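Participant: Dropping a structure here in structure tokens format, bear with me for questions.
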Amino acid sequence: MNIKYFEKKEAAVDYAAQIMYDQIKSNPKSVLGLATGNTFEPVYYDFVGKIQGTDGRLNLNLSAITTYNLDEYVNVADKDQEQSYYHYMNFHLFRYTDIDLKKTNFPNHYSEDFRTELTFPEFENSIRKIGGIDLQFLGVGTNGHIGFNEPGSSINSVTRCVMLSQATINVNSRKFANPADMPRKAVTMGIKTILESGKKIVLVALGREKEAALRQLVNAKAYDPN
Ligand code: F6R
């Protein structure tokens with residue numbers, strides 16, 4: 001594990017965006033695991049800046065990459081719903097690239113029946129079939145969640161429907177015009193999914209509010225579900 005500490009957010013963001021750029025440049029058929037949230041807005045913005053020449057033309061071909069997003073809210077999965085992670089990805093990244101939208105994957109499309117712990121084997125199989133994820137981006141919640149694997153998640157967890165913690169609801173509901181509309185459930189890649197499929201994993205944490213969670217993550221001697 002390599003830990004890089006940056007004084008300025010911009011430098012951390014640029015470092016992560018450069019890893020993404022280099023990954024696709026070295027393998028145009030890369031499989032990327034994508035995260036959303038405030039952390040990745042500037043990362044994708046920076047990345048888009050890198051791929052757009054001054055004449056507006058793209059200097060990096062993304063048409064052969066495949067992407068898997070880490071998570072998606074339940075019942076906010078509609079492409080046009082502003083708070084959906086599909087909408088986020090399109091708004092912050094996809095629309096500026098020549099990415100093939102048919103090769104973008106979100107863990108939400110397989111069931112109308114979002115029971116907690118319902119699993120998503122088709123999503124898992126698809127990642128397995130393509131040979132895993134070359135570069136997986138992760139953020140971290142102030143309560144330590146990864147994807148939407150809330151504290152208490154098993155190291156053997158797979159892609160499944162989860163209940164969000166009150167802490168996560170409190171933070172993320174700020175994105176909803178009416179905070180009460182914030183979903184209570186989401187579908188997330190599991191810890192096992194992330195660890196087994198990710199060939200290179202880059203976790204980005206920006207700001208002091210992530211410090212406590214990050215210290216616990218980095219200092220843990222073994223897997224700590226919290
Ligand atoms: C989002 C995700 C979440 C976020 C985390 C941090 O796809 O997987 O784990 O990375 O909630 O969110 P921000 O970046 O908004 O602080």
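Participant: Can you give the relative contact order of the stretch 23-97 as a percent, counting alpha carbon pairs under 8 Å and 6+ residues apart? Write out the running numbers ahead of the final one.
Facilitator: Numbers: 73 pairs, mean separation 27.9, N = 75.
RCO, the stretch 23-97: 37 percent.
Participant: TYR15: net charge of surrounding residues, Cβ under 15 Å, Lys/Arg +1, Asp/Glu -1, itself excluded?
Facilitator: On the way: positive: LYS4, LYS8, LYS9, LYS50, LYS200; negative: GLU7, GLU10, ASP14, ASP22, ASP46.
Within the 15 Å Cβ shell, the charges total 0.
Participant: Mean Kyte-Doolittle of at least -1.0 and a Cα length of 24 Å or more along the axis: which whole DSSP H helices of the chain meet both? Each step should come with its number before you reach the end.
Facilitator: Numbers: long enough: 9-26 (26 Å, -0.36).
Helices meeting the span and hydropathy rule in the chain are 9-26.
Participant: Let me ask something else. Using only DSSP helix segments of four residues or longer, with each worth -39500 (n - 2.57), what per-residue ellipticity at 222 nm results for the chain after dividing by its residue count and rounding to 500?
Facilitator: -9500 deg cm²/dmol
Participant: Treating only the Cβ atoms of Lys and Arg (+1) and Asp and Glu (-1) as charged, compute the dipole magnitude of the chain about its Cα centre; round to the nearest 20 debye.
Facilitator: Numbers: 26 positive and 26 negative charges, 97 e Å.
It comes to approximately 460 debye.
Participant: Give me LYS103, LYS8 ranked fewest to most by other Cβ atoms within 10 Å of their Cβ, as a rough exposure proxy.
Facilitator: Starting with the residue having the fewest Cβ neighbours, the order is LYS8, LYS103.
Participant: Stretch LYS199-GLN166 to full length: gain in nm at 0.36 nm per residue minus the Cα-Cα span?
Facilitator: 8.7 nm
Participant: So for the stretch 96-226: antiparallel DSSP bridges make up what percent, rounded to the nearest 5? Don't skip to the end; give the middle numbers.
Facilitator: Details: 6 of 10 bridges.
Looking only at bridges with both residues in the stretch 96-226, the antiparallel portion is about 60 percent.
Participant: Let me ask something else about it. Kindly provide the trypsin sites (Lys or Arg not before Pro) of the stretch 31-87 that DSSP labels as loop, not H, G, I, E or B, and whose Cβ sees at most 12 other Cβ atoms within 10 Å.
Facilitator: ARG57, LYS79
Participant: How high is the relative contact order of the chain, given as a whole-number percent (alpha carbon pairs under 8 Å, six or more residues apart)?
Facilitator: Details: 376 pairs, mean separation 51.5, N = 226.
This gives 23 percent for the chain.
Participant: Can you find, among ALA222, VAL48, MET20, the residue sitting farthest towards the positive end of the charge dipole of the chain, where Lys and Arg contribute +1 and Asp and Glu -1 at Cβ?
Facilitator: ALA222
Participant: Further question: Evaluate the Debye formula for the stretch 1-107 with equal point scatterers sitting on the alpha carbons, no solvent, and hand back log10 of I(q)/I(0) at q = 0.11, 0.17, 0.20, 0.21 Å⁻¹, in q order, two decimals.
Facilitator: -0.35, -0.84, -1.12, -1.21
Participant: Would you calculate the separation in nanometres between label points at LYS221 and ILE155, each defined as 7 Å from the Cα along the Cα-to-beta-carbon direction?
Facilitator: 1.4 nm
Participant: In nm, give the distance between the simple-model label positions of GLU7 and ASP55, each being 7 Å from the Cα along the Cα-to-Cβ direction.
Facilitator: 3.9 nm
Participant: Equivalent ellipsoid semi-axes for the stretch 40-195, as square roots of 5 times the alpha carbon gyration tensor eigenvalues: give them largest first, rounded to whole Å.
Facilitator: Three semi-axes, in Å: 26, 19, 15.
Participant: To continue, here is another question. State the dimensionless ratio Rg/Rh of the stretch 60-137 (Rg: radius of gyration of Cα atoms; Rh: Kirkwood radius).
Facilitator: Working: Rg = 13.1 Å, Rh = 13.6 Å.
Result: Rg/Rh = 0.96.
Participant: Shifting gears a bit: Using DSSP to call loops (not H, G, I, E or B), can you name the GluC sites (Glu not before Pro) in the stretch 41-128 whose Cβ has at most 11 other Cβ atoms within 10 angstrom?
Facilitator: Sites meeting the loop and neighbour criteria: GLU112, GLU117.
A short reminder: the numbers here are calculations on the coordinates, not readings from a lab. Bear in mind that the values here come from a model prediction, so they are computed numbers and not experimental data. As a convention, Cβ positions derive from the backbone with ideal geometry for all residues, glycine included, and neighbour counts pool all protein chains shown.
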